[in-house]
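The values are calculated or read from the model by the stated rules, or taken from the named source; none is laboratory data. Just so it is clear, the model here is predicted, and its values are computed rather than measured. Note that each Cβ is placed from the backbone with ideal geometry, even for glycine, and that neighbours are counted across all protein chains shown.
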Amino acid sequence: MCGIVGYIGKRDVAPLLLEGLQRLEYRGYDSAGVAVCGKSGLKTVKAKGRVRELDAKLPKRFAGSVGIAHTRWATHGAPNDVNAHPHLDSEGKVAVVHNGIIDNASELRAKLTADGVEFASETDSEVLAHLVGRSEAETLEEKVRHALRSIEGTYGIAVLHADFPDRIVVARNGSPVVLGIGEKEMFVSSDVAALVSHTRQVVTLDDGEMATIKADDYRTYTTEGSRTSASPTTVEWEAESYDMGGHDTYMHKEISEQADAVDRVLRGRIDDRFSTVRLGGLNLDAREARAVRRVKILGCGTSYHAGLIGAGLIESLARVPADSEPASEFRYRNPVVDPDTLYIAVSQSGETYDVLAAVQELKRKGARVLGVVNVVGSAIARETDGGVYVHAGPEVCVVSTKCFTNTVVAFALLALHLGRTRDLSVADGKRIIEGLRRLPAQISEILEREDEIERLAHEYADARSMMFIGRVRGYPVALEASLKLKEISYIHAEAYPASELKHGPLALIEPAMPTVAVVPDDDLLEKNRAALEEIKARSGRILAVAHREQEKADHTIVVPRNEVELDPILMGIPLQLLAYHTALALGRDIDKPRNLAKSVTVE
Ligand code: M6R
């Protein structure tokens, strides 16, 4: 969703800001803008559409060495030039970029309008520019603080003022703000992706924190004005991890990286001596692990699906009742928060608002919440009491692939850990560890079959709708594969437990509605085969993902076997490629599917 970039130093700021915005394009946006403070004061340019359209609009003389920029995802008001950020106050001296939503914007707008302020845009964010501009405080920090006192809602903001050209003031409440510390230059962004090509030394602000950045200095403080001691940390991701690396799309790159990514999530964590794993950041000792009576996993979209597989792993390896629920629903049903339940928030970005809000609700009620998160230092990672990092590396494509796989592997590690503090035997612990170690090579084996999967994608790309089925462990695989297909190909797809077919969805089966069936060689094989018979009897086309050729299927993608508990990890991978090649065959914009954003930081 929206992205912020800012710079102060000696270099010409506009090209730096545009480069930063380009690095944030993956998050999804509909317009962009930039403000620069130069010798002749504040200048802004804004454009609907892509960053390249903003670039084309920049005048030749747009010099300055301090500036802020933004990519906007419309919430209040249409995506157009006027509603794009930065927003200015009436005198054109203050420029503000804002991520988040100001809940009391209409009220503030009405008050300011009654005082004679004329609004240029329909956005909630513009009120901030006017509030800062009208503040009579002496310093820019005080003016911003003054404005924030009137605001209810979430924000990550950067503020530039023509009368204070030596600084940018930023603040965070519910929307990320990261400072990038350079040599006699400073950067700010809502996402480290925009910073890593310049510096890997970053300071992540906490909610309720503000900062002033100058070319050679920064200082952090609370919105009340007391100093805080945020010190820089080093970002572990390299700038090159954000490049396409010779692939045509980020999605293809990220699918191809999965063997290495899985290797990374396992690295240094396996403890062969006790057939268990070491998870340093869990903050859960053996006694506490044994006291857990139930596990509740919360996530959205793909992370929710990874949580479903995770819950299955925890139940089977640790024999603790576990389930996964969409975080977006959780807090609205006034959940019973149980002190003996271990809550786990799952998120690739660590920023998803619905997940963060669920974590905050749980913490408020005294629950212990762990995180299974990819982005180190993200809001969810910081809010939770401990957790497991997924170590998938940056995921740029809007649709999640390698993070899904790594998240499930992280759950396998957690399940093994919980299991070995309880009743999982040494022999079973060893069996799972050996299975985990086989995964990277088996993933590579599946990826080598891409040509075959591409051919199949062409066979099925004419479908207007597709059914995905699986049983027990196979069902979340079907759910995730169906989400992948619909997100990037726009083919309608739905997933059902195979056992539910005859309770309704069988009515949909006909030659024009192919079925993708997840059919592992487990104790449910015969039952799955019966479902394939039912579909065949209705002239349905079937593509099976299985451990051996399925007679009733029109096509079978054969995947290598692992331990039954870990099979879902491998069975999902060919279906990512199926979605990818189907979308490619249909000419879709794979990395930026319509209407979707990478991080959903608003409700
Ligand atoms: O960053 P998160 O894992 O919290 O994101 C959750 C969902 O928004 C995300 O998984 C979404 O479903 C993706 N588009 C899936 O491909």
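Examine the range 308-327 for a residue that is under 21 Å from residue 479 (Cβ atoms), hydroxyl-bearing (Ser, Thr, Tyr) and either more than 16 Å from the ligand (Cβ to nearest atom) or crowded, with 16+ Cβ neighbours inside 10 Å (or both), and state whether such a residue exists. So far as the range 308-327 goes, yes, one or more of its residues are under 21 Å from residue 479 (Cβ atoms), hydroxyl-bearing (Ser, Thr, Tyr) and either more than 16 Å from the ligand (Cβ to nearest atom) or crowded, with 16+ Cβ neighbours inside 10 Å (or both). Applying a threshold of 7 Å to beta carbon distances and a minimum spacing of six or more residues, or different chains, the list of pairs starting in the range 476-488 at a residue that is farther than 15 Å from residue 397 by Cα and ending at one that is within 10 Å of the ligand (Cβ to nearest atom) and aromatic (Phe, Trp, Tyr) reads 480/404.
The set of residues in the range 545-579 that are over 18 Å from residue 445 (Cβ atoms) and either buried (at least 21 other Cβ atoms within 10 Å of the Cβ) or under 23 Å from the mean Cα position of the chain (by Cα) (or both) comprises 550, 553, 565, 579.
If residue 350 meets every condition in (1) of a type in the set (Gly, Ala, Ser); (2) within 11 Å of the ligand (Cβ to nearest atom); (3) more than 12 Å from the chain's Cα centre (by Cα) apart from one, which number is that one? Unmet for residue 350, out of (1) of a type in the set (Gly, Ala, Ser); (2) within 11 Å of the ligand (Cβ to nearest atom); (3) more than 12 Å from the chain's Cα centre (by Cα): (3). In summary, residue 330 fulfils each of the numbered conditions (1) assigned to a helix (DSSP H, G or I); (2) more than 16 Å from the ligand (Cβ to nearest atom); (3) over 28 Å from residue 577 (Cβ atoms) with the single exception of condition (2).
Each row is one residue, and each column tells you yes or no for (1) within 19 Å of residue 403 (Cα to Cα); (2) more than 16 Å from the ligand (Cβ to nearest atom); (3) not hydroxyl-bearing (Ser, Thr, Tyr).
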| site | (1), (2), (3) |
| --- | --- |
| 564 | no, yes, yes |
| 573 | yes, no, yes |
| 580 | yes, no, no |
| 584 | no, yes, yes |
| 589 | no, no, yes |
| 592 | yes, no, yes |
| 598 | yes, no, yes |
| 602 | no, no, yes |
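Among the residues of the range 276-319, those that are at pLDDT below 95 and either of a type in the set (Asp, Glu) or part of a strand (DSSP E or B) (or both) comprise 285, 288.
Selection within the range 143-161: residues that are assigned to a strand (DSSP E or B) and within 25 Å of the chain's Cα centre (by Cα). The member of this set that is surrounded by the fewest Cβ atoms within 10 Å (Cβ to Cβ) is 153. Look at the range 43-64: where a residue is more than 17 Å from residue 592 (Cα to Cα) and a partner is part of a loop (DSSP other than H, G, I, E, B), sitting 6+ places away or on another chain with Cβ atoms under 7 Å, you get 43/62; 44/86; 45/58; 46/81; 46/84; 47/81; 47/84; 63/12.
Restricted to the range 444-526, the set of strands (runs of 3 or more DSSP E) holding at least 3 residues that are aliphatic (A, V, I, L, M), within 31 Å of the chain's Cα centre (by Cα) and away from the ligand (no atom under 16 Å from the Cβ) comprises 465-470, 515-519. Given the structure, is residue 47 at negative phi, crowded, with 16+ Cβ neighbours inside 10 Å and under 24 Å from the mean Cα position of the chain (by Cα)? In short, no.
Restricting the first member to the range 572-596 and to residues that are over 12 Å from residue 457 (Cβ atoms), and the second to residues that are more than 11 Å from the ligand (Cβ to nearest atom) and part of a loop (DSSP other than H, G, I, E, B), the beta-carbon pairs closer than 6 Å and six or more apart or on different chains are 590/249; 591/249. What pairs come out if I take residues in the range 293-309 that are in contact (Cβ under 8 Å) with a residue 12 or more places away in the chain and pair them with residues that are basic (Lys, Arg) and in a helix (DSSP H, G or I) whose C-beta lies under 9 Å away, six or more apart or interchain? Listed pairs, sorted by first residue: 302/484.
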